[in-house]
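Colleague: Supplied in structure tokens, the structure appears directly below.
The values are calculated or read from the model by the stated rules, or taken from the named source; none is laboratory data. Everything numeric in this text was worked out from a predicted model, so none of it was measured. All Cβ positions, even for glycine, are placed from backbone atoms using ideal geometry, and neighbour counts span all protein chains on display. The protein model used for the area step is the full one, side chains on, heavy atoms only, and it has no ligands, DNA or RNA in it. Shrake-Rupley method; radii C 1.70, N 1.55, O 1.52, S 1.80 Å.
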Amino acid sequence: MKAVLLGTIALIALAAPVSAADLAAQPSIKALPMVARIYDWSGFYAGIDGGGGSAHQCWDVVNAGSLIFAPPLAMGCHNATGGTAGGQVGYRWQIANSVFGLEAQGNWADFAGSNVNLAFAGVQDESRIDAFGLFTGQVGYVWNNVLLYVKGGAAGVREKYRVSDSATGLTIDKGRETRWGGAVGAGLEFGFAPNWSVGIEYDHLFMGRRDVDFFFSTGTVGIPAGDRAGTARISQDIDIGLVRVNYRLGDAVAKY
């Protein structure tokens, strides 16, 4: 029995190398190469913005009551500065590395300023912009999740004007208007998550020159409130700087 057991062990020892040699070589498995995700800028988006601005204005008096000034007489210039906050909605199309878009933006603002009137002694001219809107098209170029763009279109600004007595601060007359003009701008935006982006933007608004009627206020003694006081020709350009955060609506689409 012992001899049989020893013989069996010897046969197994001799057969093992042969069996191992007969096995086919196992193929090696290589890891698949990593493929970088490409950020996609296409789709609807909505966001918020905040920043500041400055409106440069120059006033000329065209007429004061029945007195007509030809040519108009310069009353001086000032910068109306302050902060702004608002939001925007839009849609972008990405084609290869190019991006095209449309956007509507609405902002509350508090741009205020004044100057001493150069034509009438003891009088101060004041202006305040309390809202503006932009309706623009965009053209941009992307480097994956970085977008550089320019924009242009229409701008609307809501403004209030006041002429006051420098010594007492009493309102003499005032006017208001909604003025339309053109807008150009440029921005740099960074996508920091599949649906989120943050950026900075500069806009210049060409608001042109326009005649604005002024009306006496209730603070003017001896003159009925609401009577027409005169007309000022006001020219204006506005510069705005913004920080923007946008969220792209819908599921993020990754390109490979």
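Colleague: Considering only residues that are over 11 Å from Phe216 (Cα atoms) and surrounded by fewer than 17 Cβ atoms within 10 Å (Cβ to Cβ), which ones fall in the range 154-172?
Modeller: Within the range 154-172, Ala154, Arg158, Lys160, Asp165, Ser166, Ala167, Thr168, Gly169, Leu170 meet the criteria.
Colleague: Right, another one. Would you please list the contacts, defined by Cβ atoms under 9 Å and residues six or more apart or on different chains, that run from a residue in the range 234-247 that is of a type in the set (Phe, Trp, Tyr) to a residue that is open to solvent by less than 30 Å² (accessible area, probe 1.4 Å) and assigned to a strand (DSSP E or B)?
Modeller: Tyr247/Tyr45; Tyr247/Gly47; Tyr247/Ser197
Colleague: Give Gly175, Gly191, Gly101 a once-over and let me know the one that is closer than 22 Å to Met75 by Cα and in contact with a Lys or Arg (Cβ under 9 Å, 6 or more places away or on another chain).
Modeller: Criteria check complete, one pass: Gly175.
Colleague: Take the residues of the range 181-230 that are in a loop (DSSP other than H, G, I, E, B), under 21 Å from Glu126 (Cβ atoms) and small (Gly, Ala, Ser): which is least open to solvent (accessible area, probe 1.4 Å)?
Modeller: Restricting to residues being in a loop (DSSP other than H, G, I, E, B), under 21 Å from Glu126 (Cβ atoms) and small (Gly, Ala, Ser), the top hit is Ser217.
Colleague: Sort out which residues of the range 37-67 are modelled with pLDDT under 95, over 29 Å from the mean Cα position of the chain (by Cα) and not small (Gly, Ala, Ser), and write them in order of number.
Modeller: Within the range 37-67, just Leu67 meets the criteria.
Colleague: Identify the residue in the range 107-121 that is open to solvent by 40 Å² or more (accessible area, probe 1.4 Å) and not aromatic (Phe, Trp, Tyr) and, among all such residues, is nearest to Gly175 (Cα to Cα). Spell out how you get there, then give the answer.
Modeller: Step one: of the range 107-121, the residues open to solvent by 40 Å² or more (accessible area, probe 1.4 Å) are 108, 110, 114, 116, 118, 120-121.
Adding the requirement that they be not aromatic (Phe, Trp, Tyr) leaves 110, 114, 116, 118, 121.
Values: Asp110: 17, Ser114: 14, Val116: 17, Leu118: 19, Ala121: 20 Å.
The residue in question is Ser114.
Colleague: Right, next: Going through the range 220-239 one residue at a time, which ones are among the charged types (D, E, K, R) and at pLDDT 95 or above? Spell out the reasoning first.
Modeller: Of the residues in the range 220-239, the ones among the charged types (D, E, K, R) are 227-228, 233, 237, 239.
Arg233, Asp237, Asp239 - these are the residues of the range 220-239 that are among the charged types (D, E, K, R) and at pLDDT 95 or above.
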